[in-house]
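The values are calculated or read from the model by the stated rules, or taken from the named source; none is laboratory data. Computed from a predicted model, the values in this text were never measured in an experiment. With ideal geometry, Cβ positions are generated from the backbone for all residues, glycine too; neighbour counts draw on all protein chains shown.
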Amino acid sequence: MAKKMGRRARKFAKKNLQSVMKRKRKLNALFQKKFAPRRAQSDSPEESKNLKNDMQTPVDPEQEILDGIVSTNPFGDLFIKEDDDSAADASDSDGYLSEDPECPYISEDEEESCPEEMCKDVVLLEQNTEINQRLKNQKRKLSKLCKKDPQFSKFLESRRSEFLKSKSEEIYSDDEGDTSSMDDEYIVGNEISQVSKVITSSTVDVWCWLVMEQPNWPGLANLLNAFRAACHYGLDTGEVSPVKIANREVFCKILTFVLSEAKRIFCGLLRISGFSNKETILKMKNKPEWKTTRSLIKSFLRSSLFLLNQETDNQILVFVLSQIRLSILLFSAFPSLTKKLIKISIHLWVTGDKDLSASSFLILRDIASEFSLDNIDTCLTKGFGAFIANSKFMKPQNIEHIEFLENSVVELYSLDIQKSYQKVLMSVQQLASILRLALKTKEKDELKKIHSWQYINCISLWVKFVSCNYKNHDLEQLLFLIIGVIKGIAHLFPGPRYLPLRFKCVKMLNQLSFSSGVFIPVESLLFDCLEIRGTNNAEGTKLKHLDLALLLKVPNQLLKSQDFQQASVLSAIKLLAEHLSQWCYHVSFPDLATIPLILLKRFHENTSIESVRRPVKRFIDQVQQNSDFIQRKRDEVSFSPKDKESVDSFLQLEKCDRSVAFTKFYDNMLQNALA
Amino acid sequence: MGKKRKVILPPDLPPEVADNDIEVSDEDLEFIGQNREYAGFLTKLDTKSIDRHVKRVAGHESDDLEALYEQRKRKASLLKRNDDDDKLQVDPVDALPVKTLDGKLEYRTVDRTKSEAITNEKDNTEENEKDMSVVKLTKKEKRLKIKKSRKEAKKEAKVEEKGNVGVEKLHTEVLAKVEEDLSAEELFRKKKIKLAEIGLQLLENPEENIKSLKELLKNCDDGNQNIVKLGLMSLLAVFKDIIPGYRIRLPTEKEMEMTVSKAVLKQRFYESTLLNSYKAYLAKLIAMEKKPSLRQVAVRCLASLLDAVPHFNYRENILAIVIKNISSPDDTIRKLCCNATKSIFLNEGKHGGEATFEAVRLIAQQVKIYECQLHPDSIEVLSSLTFDEDIGKPDTQAEAVKIKKKGKWKTPDGSNKLQGSEKKKTRQESLAKTREEVTADFKSVSFAPDSRERKRMQSETLSAVFEIYFRILKHSTDSHASRSTTDAASFSHGSSSLPLLAPCLKGLGKFSHLIDLDFMGDLMRCLKQLAGYSDHGTIQNPLSVSERLQCCIVAFRVMRNNLEALNIDLQDFFVQLYNLLLEYRPDRDQGEVLAEALKIMLCEGKQHDMQRAAAFIKRLATFSLSYGSAEAMAALVTLKHLLQKNSKCRNLLENDAGGGSLSGLVSKYQPDATDPNLSGALGSVLWELSLLTKHYNSSISSMAASIMSMGSVNPAQSQVFLSTASPLQAFRDSSILCELSKPTSKSATSRQKQRELQKDYVLMDPEVMQNGNLVDEDEVRRKLEDRFAVHKVITENERLRKELNHTLSSISLYEEYNRQKKQKRRRTTKRVLGD
């Protein structure tokens, strides 16, 4: 139910349909579970509150870090701006287009095609019939009265006209502000067509046919008005719609037809082949046709945005978004609408499910790549802000979503490195200064700021950004800064409790090292976990699966458990393999592996955890094997370490083939992890 | 300060005021000294300031003014008391009346409080609420004026005796009046005032008022703990001030029998009273030290006494208590005691070194009694000891030192005298001149013990210190031996079970040059055992890596300072270091210690055996591949040093087929060998450097590059650019904080020539993205239809409701209509009737 109804509809139900609300409340429990991550922010404060209470970590410091990140950098005004936007939304209401009076209307008597049958909402229907019954009774009573006393009907008439007068005055005083902002030039208010025309399915068919046949058919305005009415359908906006939609088929037809054919229609009107890039739009603005089409286009865009705002069903939203995307360049002519579109898309991108999120991201990406610089800026800042606001918590359910969001932000920022570099640098410097403060003061609050998902996700976002773009751009400074920050984090949180956090750091360092080709020593960060010693009794608190990826800090009760030790040793080996595999063709691999090998061998001898012995042994053997292999190879060569070119060309052939056993071992390891 | 005033006046110092003047006004002066208030008040009558003050209290009747002044006086002393207290709580030293320019101590205190009283007069608030800032402000404002007025007061006091008498009368009257309405709070306040008054008198004229000490002492038996505390603190202030600069020796019976002058008798009485009260005070403090609620105050008093008057009688008793508390679990008490002990060690001139020895001996006893389970601070204090090696080398030199010392002693005394000589005191002092000369002579003899004595004391102290250190080491090795048999869980607490080891090692390092040769063998054995490496890693050794490194460092320090000539094999320590490099964990162990160990063991000292040097070079290179930038940097600096010193090791830089010829016993490099001499590192090549040049940290990569280039440079030349940086410095320079604060440039230059938008996806799979967009249109259609249906029903519902409401309201309107109709009808009938 919540999915089917728009916001207005829900409000109405709340007011008038108590029994429905009761049922809804029952259902809500189910919905909450299903949709909590998606709609948490937008739907009801209660829901999100519950959600927050579920989290183990307290909310306040997280909020702080967000504020910390957000407030002092260019992304800062993000949340303040939003209010202005909503205010603008309210005043920016659109009207109907002036219609072509010649337009054919085919009246059929198909209006009452019993939508009740289709509607599954029995409660509402029952209520409707009940009210209808009461209404009939009361009307009968009234007519009796009128019959008895003809004077009374006159009295009633006068009263009613008085009432209407006063009411219309009220409306005008309320709406004055709104009407002034309307585009009066082309859009004619509702007073012209007070009598609403009923649009039947055959009318729509004829219209569609006409529109497709004649690009310049004047009845397009009527069609767009109908489209607008359809978008606004069911929402009591106070105004009388000039068109009335006869039934659901008409409704459906209008929406789908206009949305999917909009591009072709407007292209035809403007006599261009398509919206390929910005230049065509600029050219188009100078064409004489633009004047006449502008209002039509604007009406269409507005209505679609309205639909996006109202609709709650994911699939419909995806459909609308994908259709809008085809003619996205039309938005570039209307900056205010573009802003709205960005806002809606960001909202859907962050809160929507997989498909919806993806399609809204595509919209954002199109805007960022095609539109003016101003819009790119908004996209970047808002996108980052939304990501940060949504990355406070990591749960098994949203890990994928957050990763997607992260990837999309990287995509957005990678579009124009020149532009985004400043932003990224600023953000990383912000992170660095938080870290520096924490390193100096070691205060609990400062540490908490860093020890939060927001901070870590932010870092990992920029790590991804750097590693994606390092090859093509000069990002060295940024790289070094980020490495410094990550090393600082690892340094700031020693001890086994923070091993998950440390693993994340090492992973990021490996990622950076892979993409940039610089050498980043990480081994010493991993040796610690070879020395954790816990009690060997794994009684009772045996966890099904300990996912270190979802933790930053190990809860105390797990610290001594065998599960944790096992998980940490295995992760350490994985990360070590990652690190070593990068240099497994390098001439100094044996030396790089020396210390890890010594320590791992010792660990293998001493460990009491049987379950890790085998993987550790296997790893040791593999490393040793590769080490011996490189040793053999380098004994054959005659160049010295300082001979840089020779060193670089050492075993390059094998590297390209990925033929060495260790590579295979590592690839296997990766596949196993995925499986 | 008081004690300094007592110190003998150099005979040639001329008194400031003519003798005849003093004789005439002696009594007056005394009166003024005791009742300075009145004089000050009198003189102020005609100054501007008093006018202002009168205006301030304008609310009172002019008749009450005198009473007000009385009140002010009372308050002044009260505040003085409070002021003393407040300050004593902060820092007892500050509580002492600060000497003004003309050398009068007590006046300033009084004046200050008086001005406070004036400012506080208007708002009759609790004295306790007064804060320090007020004091400072008023003090500065008024000091000058007050000083001037004081001088005038002295002159006028001689003339206007009448006024004095009058005021005194008033004073007693008002006091009597006040006493009548004494509440419990009043009592407390009154006691405080009394304490303050007595204290003040004592400070003003200790000779005359010495008996009041007993009264003060009595106060300390009060039931109210606050009073007790106040009493103790004020006594502390008094004693610190009046205790003379010499040790009091009570006269023997024989001496008592001798007939002496009046002045000597007076002095004897004074001294014995002082000593007895002091004894009683100490007894009280020592008793209170056992009560938990008063312990802090008692220890504070004792510690500051020890700090201020270590030369005086009963020092042993104080010292015993202070040392007893030196490892107290209470942080403040421990800190107080540690600081007092440190000041004993640092200011040996105050007590001639005896106290130092006593303190060290007491600490040694503590360590023995508690079996080394003390707070590290208690051993830490020993590191502030200083040992003068020059004492008594040749006799002449010692004599010179002695003379110099004597001179040093005299000069400050003299200057003190100079300032302390005040008009009012001069007479007394001139009377006591001969007596003081005698005592001064005695002091100068007893306080600068001859060099032989001092040397003996110092060597005893030293041996006591080393006794402590060795006891700790012995205990550590013993427990180490016993602990290794217990379970591995104790490993994590290893360092905390030997709390004294770290400061002990530090101390040994500091005094390593003083260690007796006889101890050397034992010491080395201990250190070797402690640093001991076992194949099974840290489980067997309860010491942390840092502590073991410390052991190595100490051993090297000791060797270097004493017996470079003596051949003790340090090979074991090199083995330790070689293996400890693997045990080191960046955030668990102290990197500075590692860097220092590298510096002392590898960079400094003799040239190393080639095998060993090569082994270390190889290990350090490997080490820097695995560890963070700071550690790597320290290792590389050391490596460079080693390469510079051992030119033959530069073969490691070259992949030379002949390299193997140098490798003695072991021809192939064994990376996991535990003995550097058996690692065969000479046969290896420093391939690590090629990877290090790719290091993200630019300083490390450039360092690696510079090391690589060393091989090709002529050995003679390379000596020129011997790097000066020590490993320790390198470690600090590349710490994480430094790394973070490097500046970053503001722009990114694209490797692509022109700025253009990147249209390709960098991360995501474009096909997946496009496919994800496909929607089932039928499904959408169905959903749209559903949506329509729902909305339709809802709109219908809304419409029906509206209509229903409308009809209902219409029906309800009918009644109104009827009413109106009736009225109308009535009106028409009326009109009809009226017509």
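What pairs can you find where one residue is in the stretch B:584-602 and free of Cβ contacts under 8 Å to residues at least 40 places away in the same chain, the other is assigned to a loop (DSSP other than H, G, I, E, B) and not aliphatic (A, V, I, L, M), and their Cβ atoms are less than 7 Å apart, with a gap of 6+ or different chains?
Going by the 7 Å Cβ cut-off, the qualifying pairs are B:587/A:494.
Could you tell me whether the stretch B:821-834 includes any residue that is facing chain A (nearest Cβ under 7 Å) and at pLDDT below 80? Steps first, answer last, please.
Of the stretch B:821-834, the ones facing chain A (nearest Cβ under 7 Å) are none.
The answer is no, given that none of the residues of the stretch B:821-834 is facing chain A (nearest Cβ under 7 Å) and at pLDDT below 80.
Please specify each residue of the stretch B:621-658 satisfying the condition of being within 13 Å of chain A (Cβ to nearest Cβ), over 25 Å from residue A:636 (Cα atoms) and without any contact (Cβ under 8 Å) to a residue 40 or more places away in the chain.
B:626
Run down A:367, A:316, A:344, A:376 and say which single residue is within 26 Å of residue B:790 (Cβ to Cβ), part of a helix (DSSP H, G or I), at pLDDT 80 or above and over 13 Å from the mean Cα position of the chain (by Cα).
Numbers: A:367 fails: within 26 Å of residue B:790 (Cβ to Cβ); A:344 fails: over 13 Å from the mean Cα position of the chain (by Cα); A:376 fails: within 26 Å of residue B:790 (Cβ to Cβ).
After ruling out the rest, the residue left standing is A:316.
Hey, can you tell me all the residues within the stretch B:775-813 that are of a type in the set (Lys, Arg) and not in a helix (DSSP H, G or I)? Even if it seems obvious, please write down each step before you answer.
Step one: of the stretch B:775-813, the residues of a type in the set (Lys, Arg) are B:781-783, B:787, B:792, B:799, B:801-802.
None - no residue of the stretch B:775-813 is of a type in the set (Lys, Arg) and not in a helix (DSSP H, G or I), so the list stays empty.
Condition check ((1) outside any helix (DSSP H, G or I); (2) at pLDDT below 50; (3) in contact with a strand residue (DSSP E or B) (Cβ under 6 Å, 6 or more places away or on another chain); (4) exposed (fewer than 11 other Cβ atoms within 10 Å of the Cβ)) across all residues:
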residue	(1), (2), (3), (4)
A:166	no, no, no, yes
A:173	no, yes, no, yes
A:178	no, yes, no, no
A:226	no, no, yes, no
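Given the condition away from chain B (no Cβ under 12 Å), surrounded by fewer than 21 Cβ atoms within 10 Å (Cβ to Cβ), part of a helix (DSSP H, G or I) and not hydroxyl-bearing (Ser, Thr, Tyr), answer yes or no: does some residue in the stretch A:428-439 qualify?
Taking the stretch A:428-439 first, the residues away from chain B (no Cβ under 12 Å) are A:430.
Filter once more, so that each one left must be surrounded by fewer than 21 Cβ atoms within 10 Å (Cβ to Cβ): A:430.
Filter once more, so that each one left must be part of a helix (DSSP H, G or I): A:430.
When the remaining residues are screened for being not hydroxyl-bearing (Ser, Thr, Tyr), the result is A:430.
Checked against the condition, which is being away from chain B (no Cβ under 12 Å), surrounded by fewer than 21 Cβ atoms within 10 Å (Cβ to Cβ), part of a helix (DSSP H, G or I) and not hydroxyl-bearing (Ser, Thr, Tyr), the stretch A:428-439 yields at least one hit.
For residue A:392, work out the one condition from (1) within 23 Å of residue A:340 (Cα to Cα); (2) not in a helix (DSSP H, G or I) it doesn't fulfil.
Unmet for residue A:392, out of (1) within 23 Å of residue A:340 (Cα to Cα); (2) not in a helix (DSSP H, G or I): (1).
On the given criteria, is residue B:737 within 14 Å of chain A (Cβ to nearest Cβ), surrounded by 14 or more Cβ atoms within 10 Å (Cβ to Cβ), modelled with pLDDT of 80 or more and touching a helix residue (DSSP H, G or I) at 6+ places or on another chain (Cβ under 6 Å)? Quick ask: steps written out before the conclusion?
Numbers: within 14 Å of chain A (Cβ to nearest Cβ): yes; surrounded by 14 or more Cβ atoms within 10 Å (Cβ to Cβ): yes; modelled with pLDDT of 80 or more: no; touching a helix residue (DSSP H, G or I) at 6+ places or on another chain (Cβ under 6 Å): yes.
For residue B:737, the condition - within 14 Å of chain A (Cβ to nearest Cβ), surrounded by 14 or more Cβ atoms within 10 Å (Cβ to Cβ), modelled with pLDDT of 80 or more and touching a helix residue (DSSP H, G or I) at 6+ places or on another chain (Cβ under 6 Å) - is not met.
Every residue, every condition in (1) loosely packed, with under 15 Cβ neighbours inside 10 Å; (2) in a helix (DSSP H, G or I); (3) of a type outside the set (Lys, Arg), yes or no:
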position	(1), (2), (3)
A:600	no, yes, yes
A:611	yes, yes, yes
A:614	yes, yes, no
A:617	yes, yes, no
A:620	no, yes, yes
A:635	yes, yes, yes
A:639	no, no, yes
A:647	no, yes, yes
A:668	yes, yes, yes
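Residues checked against (1) more than 30 Å from residue A:291 (Cβ to Cβ); (2) within 11 Å of chain B (Cβ to nearest Cβ):
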position: A:326; (1), (2): no, yes
position: A:336; (1), (2): no, no
position: A:346; (1), (2): yes, no
position: A:361; (1), (2): yes, yes
position: A:364; (1), (2): yes, no
position: A:375; (1), (2): no, no
position: A:390; (1), (2): yes, no
position: A:409; (1), (2): yes, yes
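Starting from residues that are of a type in the set (A, V, I, L, M) and over 24 Å from residue A:586 (Cβ atoms), keep the ones in the stretch B:656-686 and report whichever is modelled with the lowest pLDDT.
Step one: of the stretch B:656-686, the residues of a type in the set (A, V, I, L, M) are B:657, B:662, B:665-666, B:673, B:678, B:681-682, B:685-686.
Those left that are additionally over 24 Å from residue A:586 (Cβ atoms): B:662, B:665-666, B:678.
Numbers: B:662: 50, B:665: 57, B:666: 58, B:678: 80.
Applying the filter and picking the extreme gives B:662.
Can you name every residue in the stretch A:477-529 that is within 9 Å of chain B (Cβ to nearest Cβ), of a type outside the set (A, V, I, L, M), within 26 Å of residue B:704 (Cα to Cα) and within 32 Å of the chain's Cα centre (by Cα)?
Within the stretch A:477-529, A:477, A:480, A:484, A:487, A:488, A:513, A:516 qualify.
Conditions (1) without any contact (Cβ under 8 Å) to a residue 12 or more places away in the chain; (2) touching a Leu at 6+ places or on another chain (Cβ under 9 Å); (3) within 9 Å of chain B (Cβ to nearest Cβ); (4) under 22 Å from residue B:704 (Cα atoms), marked per residue:
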{"position": "A:568", "(1), (2), (3), (4)": "no, yes, no, no"}
{"position": "A:587", "(1), (2), (3), (4)": "no, yes, yes, yes"}
{"position": "A:633", "(1), (2), (3), (4)": "no, yes, no, no"}
{"position": "A:636", "(1), (2), (3), (4)": "yes, no, no, no"}
{"position": "A:656", "(1), (2), (3), (4)": "yes, no, no, no"}
{"position": "A:670", "(1), (2), (3), (4)": "yes, no, no, no"}
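Report yes if residue B:332 is at pLDDT 85 or above and within 20 Å of residue B:514 (Cβ to Cβ), otherwise no.
On the way: at pLDDT 85 or above: yes; within 20 Å of residue B:514 (Cβ to Cβ): no.
Taking the combined requirement at face value, the residue does not satisfy it.
If we keep just the residues of the stretch A:121-145 that are of a type in the set (Val, Ile, Thr) and without any contact (Cβ under 8 Å) to a residue 40 or more places away in the chain, which is surrounded by the most Cβ atoms within 10 Å (Cβ to Cβ)?
Step one: list which residues in the stretch A:121-145 are of a type in the set (Val, Ile, Thr), which gives A:122-123, A:129, A:131.
Retained after the next criterion (residues that are without any contact (Cβ under 8 Å) to a residue 40 or more places away in the chain): A:122, A:129, A:131.
Working: A:122: 9, A:129: 11, A:131: 17.
Looking at the filtered set, the residue picked out is A:131.
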